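The values are calculated or read from the model by the stated rules, or taken from the named source; none is laboratory data. Because the structure is predicted, anything quoted here is derived from the model rather than measured. Reconstructed Cβ throughout: ideal geometry from the backbone, glycine too, with neighbour counts over all protein chains shown.
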Ligand SMILES: Cc1cc2nc3c(=O)[nH]c(=O)nc-3n(C[C@H](O)[C@H](O)[C@H](O)COP(=O)(O)OP(=O)(O)OC[C@H]3O[C@@H](n4cnc5c(N)ncnc54)[C@H](O)[C@@H]3O)c2cc1C
Ligand code: FES
């Protein structure tokens, strides 16, 4: 594995491009990094811009990109062999529950809730969780079938895959958070040990109280307007947090309290626990209990 300074952009060539959906492509680069699922990289196209994308895998480095505007349109026009620049991994990723804390029965089921391209970092997490012996249930949602991605990847990992679309064109009809509530609250049949979410803010904000109500810890990956990606410019400030530095994955305890990335109740998914380029900085006074617990 190449050693590199994760704050500095380095060049890579596109080794493979896979169409994952109508306007979604997976870009696999000819390079690799040690990273945790949920961490992101900044992709730089010189002369255009630099934008954040969650890692869909670290070995090799891959991102899943939805075409939504000028930058992602240009990315979608690139071909195998083209060169781009990237830096990372950045931010804090998902961690697996720590059996030392939760007890020997902890290896129950992890519920992964992914809206749209939010499925990408969760597929990376599913890979790590499955190989660590966890049962994984993937609840994937989108407005309609064309917005669903990576179903096959979750299935190939042995996950139980449940599909939810708002228009009913595939799987259950309705909001993914309504379906999630059914599984989180169903503790008699299938004990959900922890919930992991990545998707639109409205989805995350609906999921958080559901977990709190049923006393299930959760980790949610938030998006904000990221520019520097290293806790310097303040562009990604949200509820007293800097999403690039304190997140993008925010952890909540079973009682709904925000856990600092440095609280020791979870085992890092990989050996590389702290990735923030700005170093370990305690959250400012403002953030205690924020994002507001239930
Ligand atoms: C931590 C994180 C992880 C992300 N992971 C993915 C991913 O795996 N796949 C994916 O397709 N997209 C991901 N995004 C969103 C992606 O960065 C934006 O879609 C992209 O920047 C849009 O750029 P654009 O020029 O194509 O579109 P624009 O027209 O500039 O913007 C389209 C939308 O993207 C948002 N956006 C624009 N610039 C930024 C920025 N600098 N930071 C955050 N959001 C921005 C805007 O709010 C707008 O809603 C992630 C964002 C964050 C913060
Ligand atoms: S993007 Fe600059 S502080 Fe987060």
Taking the stated definitions as given, is residue 41 within 16 Å of ligand 2 (Cβ to nearest atom) and at pLDDT 95 or above?
yes
Looking at the range 213-231, can you tell me whether even one residue there is in a helix (DSSP H, G or I), away from ligand 2 (no atom under 16 Å from the Cβ) and under 22 Å from residue 114 (Cβ atoms)?
yes
How many of the residues in the range 208-246 are under 20 Å from residue 98 (Cα atoms) and near ligand 1 (Cβ under 10 Å from one of its atoms)?
1
Do we have residue 210 as under 19 Å from residue 137 (Cα atoms) and in contact with a strand residue (DSSP E or B) (Cβ under 7 Å, 6 or more places away or on another chain) here?
no
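What helices (runs of 4 or more DSSP H) completely inside the range 84-175 contain at least 3 residues that are within 30 Å of residue 259 (Cα to Cα) and modelled with pLDDT of 95 or more?
Fully inside the range 84-175 and qualifying: 119-131.
Per-residue answers, yes or no, for (1) over 24 Å from residue 23 (Cβ atoms); (2) out of contact with any strand residue (DSSP E or B) (no Cβ under 8 Å at 6 or more places or on another chain); (3) surrounded by fewer than 22 Cβ atoms within 10 Å (Cβ to Cβ):
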| residue | (1), (2), (3) |
| --- | --- |
| 53 | no, no, no |
| 93 | yes, no, no |
| 98 | yes, no, yes |
| 124 | no, no, no |
| 130 | yes, no, yes |
| 134 | yes, no, yes |
| 140 | no, no, no |
| 156 | no, yes, yes |
Counted residues in the range 27-42 being crowded, with 21+ Cβ neighbours inside 10 Å and within 11 Å of residue 61 (Cα to Cα) come to 6
When the range 161-181 is checked residue by residue, the ones that are within 14 Å of residue 109 (Cα to Cα) and either touching a residue at least 40 places away in the same chain (Cβ under 8 Å) or out of contact with any strand residue (DSSP E or B) (no Cβ under 8 Å at 6 or more places or on another chain) (or both) are 180
Every residue in the range 247-261 that is within 11 Å of ligand 1 (Cβ to nearest atom) and surrounded by fewer than 23 Cβ atoms within 10 Å (Cβ to Cβ), please.
none
